[in-house]
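Have a look at the structure below, then the notes.
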Amino acid sequence: MAICYIKSISDDSTLGLWRMSESWQELKEMVHLPDLALLALEDKKTDRRKQEWLACRILLQEMTHLQPIIIYDEHRKPNIKDRAKQLSMSHSGEYASVYVHDIKPIGIDLQQMKPSISKGADYFLNDAEMQWTDLNDNVLLHLIWCAKEAVFKYAGDADLDLKKHIITNPFHSNQNGIIEVCIQKENINESVQVHYDAFDDYLIAWTV
């Protein structure tokens, strides 16, 4: 079993990380889902997509000891069927991550860093962020992207725009730390704290 860790973020929340070293066929034998729930696996066109789908559910299963049946709302925000717990998931490269909170909405994002992210910086950085962001700092750019994605998932609003509505306050990239992010849309003005960590060539960020 390729659990990297399952750790408590607070008394009410848990975060898990899984390294997808197994084939999807092996993962399928490990997950405890009814046949009806497994039908969604048939829609995954590649082995990698099947791995990601299964790994998230096995990790959720190990973290909560619940049957990992996941349903989605109209904004594609995941929820555990028939449970009040809040859920967020992410996967990138060889890893999958799951974040669970007993009460409040949460968001998590996992990214394998790539050298080409600066070419798309205009897609997610607004004018104010461009003023303080070093476009040659690959880690910083990935951290901003990762933090914005985590907040996007936290908000559960598919109409949010990463560039217009989710704004990061200036910070310096480190091995781990905290980023202050604001959601600004119409009558919404909310500050969200995002924690992050780095390992190998990956970054993981989660709301608290």
> Within segment 125-146, can one find any residue that is under 12 Å from the mean Cα position of the chain (by Cα), in contact (Cβ under 8 Å) with a residue 40 or more places away in the chain and not assigned by TED's automatic domain parsing to the domain that holds Leu15?
Replying inline: yes
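Quick check on Gln184: is it over 21 Å from Tyr72 (Cβ atoms), out of contact with any helix residue (DSSP H, G or I) (no Cβ under 8 Å at 6 or more places or on another chain) and either in the same structural domain as Pro68 (by TED's automatic domain parsing) or modelled with pLDDT of 95 or more (or both)? Please lay out each step first, then the result.
Numbers: over 21 Å from Tyr72 (Cβ atoms): yes; out of contact with any helix residue (DSSP H, G or I) (no Cβ under 8 Å at 6 or more places or on another chain): yes; either in the same structural domain as Pro68 (by TED's automatic domain parsing) or modelled with pLDDT of 95 or more (or both): yes.
Yes: the conditions hold for Gln184.
Matching residues to (1) loosely packed, with under 13 Cβ neighbours inside 10 Å; (2) without any contact (Cβ under 8 Å) to a residue 60 or more places away in the chain; (3) not β-branched (Val, Ile, Thr); (4) not in a loop (DSSP other than H, G, I, E, B):
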| site | (1), (2), (3), (4) |
| --- | --- |
| Leu15 | no, no, yes, yes |
| Glu22 | no, yes, yes, no |
| Glu26 | yes, yes, yes, yes |
| Leu60 | no, yes, yes, yes |
| Asn79 | no, yes, yes, yes |
| Asp82 | yes, yes, yes, no |
| Met89 | no, yes, yes, yes |
| Lys104 | yes, no, yes, no |
>> With the requirement that a residue be closer than 16 Å to Glu29 by Cα and touching a Phe, Trp or Tyr at 6+ places or on another chain (Cβ under 7 Å), what does segment 41-57 give you?
In response: Leu41, Asp47, Lys50, Gln51, Leu54, Ala55
> Within segment 158-173, can one find any residue that is surrounded by 15 or more Cβ atoms within 10 Å (Cβ to Cβ), touching a residue at least 40 places away in the same chain (Cβ under 8 Å), part of a strand (DSSP E or B) and not aromatic (Phe, Trp, Tyr)?
Replying inline: yes
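Only one of Asn126, Asn176 is within 20 Å of His195 (Cβ to Cβ), surrounded by fewer than 20 Cβ atoms within 10 Å (Cβ to Cβ) and of a type outside the set (Ser, Thr, Tyr). Can you tell me which? Step through it out loud before you land on a result.
Values: Asn126 fails: within 20 Å of His195 (Cβ to Cβ).
Result of the check over Asn126, Asn176: Asn176.
Suppose we keep only residues that are modelled with pLDDT under 95 and not hydroxyl-bearing (Ser, Thr, Tyr) within segment 109-120. Which one would you say is surrounded by the most Cβ atoms within 10 Å (Cβ to Cβ)? Let's see the steps before the verdict.
The first filter runs over segment 109-120 and keeps only residues modelled with pLDDT under 95, leaving 114-120.
Okay, now just the ones that are also not hydroxyl-bearing (Ser, Thr, Tyr), so 114-115, 117, 119-120.
Numbers: Lys114: 12, Pro115: 7, Ile117: 19, Lys119: 10, Gly120: 11.
Top of the filtered list is Ile117.
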> Taking segment 1-25 on its own, how many of its residues are of a type in the set (Phe, Trp, Tyr), touching a helix residue (DSSP H, G or I) at 6+ places or on another chain (Cβ under 8 Å) and under 27 Å from Pro105 (Cα atoms)?
Replying inline: 1
> Within segment 28-43, can you find the residues that are touching a residue at least 12 places away in the same chain (Cβ under 8 Å) and in a helix (DSSP H, G or I)?
Replying inline: Lys28, Met30, Ala37, Ala40, Leu41
> Among the residues of segment 62-77, which ones are surrounded by 14 or more Cβ atoms within 10 Å (Cβ to Cβ) and within 24 Å of Glu29 (Cβ to Cβ)?
Replying inline: Glu62, Met63, Thr64, Leu66, Gln67, Pro68, Ile69, Ile70
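The values are calculated or read from the model by the stated rules, or taken from the named source; none is laboratory data. Just so you know, these numbers come straight off a predicted model, no measurement behind them. Using ideal geometry, Cβ is built from the backbone for each residue, glycine included, and neighbour counts are taken over all protein chains shown.
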